[in-house]
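Report on the following structure.
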Amino acid sequence: MLKLTPVCPSMDGRAVQRSSFIKLTPGPPHAMEPSHTTPSPALPIAAGENMCEMDVFDVAVDGATLLISLCGLVGNGAVFWLLSCRIRRNPVTVYVLNLAMSDFTFLLFMLTYTLLNLLKDLSCSTLPILVKHLVSLLLLSLFAHNMGMYLLAAISIERCVSAFCSGRIHCHRPQYLSAVVCALLWVLSIAVIAMVTSLCLSHQQEQCRLALIAMYILNFLLFAPSMVISNAILLIKVLCSSRQHQHRRLYIVIFLTVLFFLLFGVPLSVWNFMQHFSSDPLGHHQVVFLLACINSSINPFIYVLVGGGRRHYSLASLQVAFQRVFEELGDDGVGSNNSIMHTLSSGP
């Protein structure tokens, strides 16, 4: 999944072009090891010059990825704290809480991966243990990325069904349905990535290819279409019906979250698919990772903007913004405004 092309000095003082490529595509055992091209002659490196030439574009993208990941970790951490401690629990907040957990996990893995990748470039080396850690981090980030897709599909389907159901059906909804669905999705995501990891890293070619195909069928033919179709139906329903006005903020949040996932999150899945089944490595993987980090970092800002938080973004105003988006879906249909007024009166 990784292509690096630093220019390092050879033993005789001449620069050599070296590339290493890490890929989970089924292949012989050496396919998972760094592959080194034959050294090619280049201009001599003068004394005092940098011993390892870096790609400025890649370094800039990695720096942006680090910055965005840090912001996303703070934002998703705040979402997790507010929804778990300060906001009244309802079916939607359970999904959003788990989505914040998956985004936080993805950003944590990508932050570590980017730091190790920069260290790898700066040291101009392909240490086997470092390469192994990079592969592990990519697999773990893929697990969290898939989990985010599964959760978005689940919340989209549930809101779509709820928009067409009467209040009586909503009242008979199992109390812990959202928690059970989230738990099952976590188990599914862990099982999928465990299957892919065990088969591909053990160099079982045919089984690895079948596992990858099964994973992409699950992602591209089941969860992604369900997410898109449910949101399209929900959007049409909201635009054509005035009854859904009370939940408009929530539906806008869901629509924007799915839209940004399609724009910034799906490219990672598509790139990963092409990387697995392409004979040639694809360049500029850092851009795809940057887009995925933007997708995992932007959701907290969507919640605040749609909720209409104040400009100074104090803790009380953030809590009010979250309540405006999520607590309007209380089980009894009332009480949200009282909760918001209590927050305003008790806030700084």
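The values are calculated or read from the model by the stated rules, or taken from the named source; none is laboratory data. Since we're looking at a predicted model, the values are computed, not measured. Don't worry about glycine lacking a Cβ; one is built from the backbone with ideal geometry, like all the others, and counts go over all protein chains shown.
When you scan region 311-318, do you find a residue that is in a helix (DSSP H, G or I), at pLDDT 80 or above and either in contact with a helix residue (DSSP H, G or I) (Cβ under 7 Å, 6 or more places away or on another chain) or among the hydrophobic types (A, V, I, L, M, F, W, C) (or both), even just one?
no
Which residue out of Ala211, Ala179, Ala191 is assigned to a helix (DSSP H, G or I) and exposed (fewer than 14 other Cβ atoms within 10 Å of the Cβ)?
It is Ala191.
If Glu206 meets every condition in (1) surrounded by 15 or more Cβ atoms within 10 Å (Cβ to Cβ); (2) modelled with pLDDT under 85; (3) assigned to a helix (DSSP H, G or I) apart from one, which number is that one?
Every listed condition holds for Glu206 apart from (1).
Condition check ((1) in contact with a helix residue (DSSP H, G or I) (Cβ under 8 Å, 6 or more places away or on another chain); (2) among the aliphatic types (A, V, I, L, M); (3) modelled with pLDDT of 85 or more; (4) assigned to a helix (DSSP H, G or I)) across all residues:
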| site | (1), (2), (3), (4) |
| --- | --- |
| Ala47 | no, yes, no, no |
| Asn50 | no, no, no, no |
| Ile68 | yes, yes, yes, yes |
| Gly77 | yes, no, yes, yes |
| Ala100 | yes, yes, yes, yes |
| Ser125 | no, no, no, no |
| Leu130 | yes, yes, no, yes |
| Leu142 | yes, yes, yes, yes |
| Gly148 | yes, no, yes, yes |
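Determine which member of the set Thr114, Thr105 is surrounded by fewer than 21 Cβ atoms within 10 Å (Cβ to Cβ), within 16 Å of the chain's Cα centre (by Cα) and either not basic (Lys, Arg) or not in a helix (DSSP H, G or I) (or both). It would help to see each step written out before you state the result.
On the way: Thr114 fails: surrounded by fewer than 21 Cβ atoms within 10 Å (Cβ to Cβ).
Step by step, each of Thr114, Thr105 is checked, and only Thr105 is surrounded by fewer than 21 Cβ atoms within 10 Å (Cβ to Cβ), within 16 Å of the chain's Cα centre (by Cα) and either not basic (Lys, Arg) or not in a helix (DSSP H, G or I) (or both).
On the basis of being aliphatic (A, V, I, L, M), assigned to a loop (DSSP other than H, G, I, E, B) and modelled with pLDDT under 80, does Val334 make the cut? Explain how you work it out, then say what you get.
Numbers: aliphatic (A, V, I, L, M): yes; assigned to a loop (DSSP other than H, G, I, E, B): yes; modelled with pLDDT under 80: yes.
Here the answer is yes, as Val334 does meet what is asked.
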